[in-house]
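The values are calculated or read from the model by the stated rules, or taken from the named source; none is laboratory data. Model, not experiment: these values are computed from the prediction. All Cβ positions, glycine included, derive from the backbone under ideal geometry; neighbour counts span all protein chains shown. These accessible areas exclude ligands, DNA and RNA; they are computed on the full protein's heavy atoms, side chains included. Shrake-Rupley method; radii C 1.70, N 1.55, O 1.52, S 1.80 Å.
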Amino acid sequence: MTLTSLRGLPDESQTIDSTSRVINRADFAAYQQSLAEGAEEKARKRQHAKEKNTARERIGLLLDPESFTEIGQFVGGNMAEGFTGAAVVTGIGTVGGEPVAVYAQDFSISGGTLGQAEGDKIISLMDKALELRIPIVAMLDSGGARIQEGVVALSQYGRIFRKTCEASGVIPQVSVILGPCAGGAVYCPALTDFIVMTRDHSHMFVTGPDVVRATTGEDVSFEDLGGAQVHNFQSGVAHYLAEDEADALDYTRTLLTYLPQNCDAPTRHWDYTDGPQAAVDAAGLAGLVPESSKQPYDMVEVIRHLVDYGEFVQVQEYFAPSIVVGFAALAGESIGIVANQPLHEAGTLDVDASEKAGRFVQFCDAFNVPVVTLVDVPGYRPGTEQEQAGIIRRGAKLIWAYANASVPLVTVVLRKAYGGAYIVMGSKAIGGDMNFAWPGAEIAVLGADGAVAITGRRQLKQAAAEGRDVEALRKELADKYTRENVNPYLSVASGELDAIITPESTRSTIVSALRVLRTKDRSHPGTRRHGNMPM
């Protein structure tokens, strides 16, 4: 059956086939539906052969069952050729009962390429998301700009870039890469808040392997150039490495449950009552952190002993692993967590760790998510590599994020905090609202060994010349320095700490502090606090 005429007929009927048979509108609706079902079946065969889902199947995995309302299903389509619409599916559904706007590029139609119709549909959906002030999730799987439409297709990317920037800091934006994403198209997800990539099928690069080979002579594979491993471990472009599409969309669902609908919505809350496990976890906290400041431990385990149900949703887990960031809940309230990770590079701050933590704090501040900072940091990572990589410029981004944050900031020093790294990790001086430390925490300009090497240099040199026990003198000087400069009670006396707390009371102390800070003034002019721009 092919479409031949839809005009000049009575309202009750339409001619829709080559034999001029007249049928009623209900039959025409059924005809449209049959086209849609036929196209979806073709899409399933094409995508499943590649071990990938169709656009609508992906939407079904993300959203609550039966909650999706499609918008503009037949826009840009050619029913005479069996197409049901443009190469993107757009609409609104719910995740955990909360509304979410979503669009999914359809690789089964023209390779998912973007042209006039696709761009118009995406922009229209983004406008609707801003109007409703709800999050937007983009599922990307596209061959890029549609070559046949030339500059028109390119201009659509420009419009999407601009609209994404307009939405930044107003509504949460998540990009899920489920196939190729190349050329100018990569900046659509790059401007959003979070990027999720699947391990085997997703790729992101500005110039593909063929262009690289032709221009530079370098022979590189898709995976090595812009695969999920590269962007999760090395570039920091991606925020989660998913095993498959189901994992990617499950992570996205989980992430959305911790985020408010928009920048003016309240922090997410759930009904919660401490169970017996909470007391067990609190009691076991001290045993997770060795007394020696030089002995490593897993900060993620500490976090799991502090938060509700032990659930911690990490962000950028594999990038800059010397610092840990992610979302959790405390007493039923959503929070963001920033913490040093002693398992990697002793928890030092470097250029990547500073940018990772800075952007996360900035996101939390834009969307009213309180930030809890757990500190165990020996300082900035030393060396020419870091200095030449721009630790001064890039490290300052973490300072900017904390100093400008207006959300509640609660900080706990678990073991040590030295030098400039102490200042930037949510200290009172940089803007921390309530700051605490465990007994024995070391807070100073330098650790004892480093300080003695500088301040006791002459004494040590003289002792060596006189044949005295240099190591005994070094220990004596170190002990004296610790007593006079590293004692956390000195920080309490100066007002830099609000209290010294026991490890087992850490959770209850943070919960109490957050309750006190709920009414913190966060007023801001305009429609946003600030955009969550890439840092």
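Overview of results
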item	result
Subset of 121/520; 416/520; 294/461 violating a 32 Å alpha-carbon distance limit	121/520
Three principal axis lengths of the range 236-285 [C-alpha, angstrom, descending]	38, 32, 22
Heavy-atom accessible surface of the range 360-502: percent carbon and sulfur, 1.4 Å	55 percent
Intensity falloff of the range 313-414 expressed as log10 I(q)/I(0), Debye formula with alpha-carbon point scatterers, at q = 0.10, 0.14, 0.24, 0.25 Å⁻¹	-0.25, -0.49, -1.36, -1.45
Compactness of the chain - radius of gyration and Dmax, Cα, Å	28.0, 114
log₁₀ of I(q)/I(0) at q = 0.19 Å⁻¹ - the range 158-199, Debye sum with one point per alpha carbon	-0.54
Residue 46-residue 517 pseudo-label distance in nm [points 7 Å out on the Cα-to-Cβ vector]	5.1 nm
Most to least packed among 321-329, 380-388 [average Cβ atoms within 10 Å]	321-329, 380-388
Against the rule of thumb 2.2 N^0.38 Å, how large the Cα Rg of the range 148-219 comes out	1.27
Amide H contacts of residue 238 (H built 1.01 Å from N, under 5 Å, at least 5 apart or other chain)	232
Restricting the range 112-218 to GluC sites (Glu not before Pro) in coil, as DSSP defines it, with at most 16 other Cβ within 10 Å	218
³J(HN,Hα), Karplus 6.51/-1.76/1.60, whole Hz, each residue of the range 383-393, x for Gly, Pro	x, 5, 4, 5, 5, 6, 7, x, 4, 5, 6
Residues of the range 340-427: accessible area per residue with a 1.4 Å probe, Å²	29 Å²
Antiparallel content of DSSP bridges confined to the chain, in %, to 5	40 percent
The range 211-270: translational diffusion in µm²/s, Stokes-Einstein, Kirkwood Rh over Cα pairs, 37 °C, 0.692 mPa s	226 µm²/s
Local electrostatic count at residue 355 - Lys and Arg +1, Asp and Glu -1, tallied over other residues with Cβ under 12 Å	+3
q = 0.20, 0.23, 0.25, 0.27 Å⁻¹: log10 I(q)/I(0) that the Debye formula gives for the range 325-385, counting C-alpha atoms only	-0.78, -0.94, -1.04, -1.13
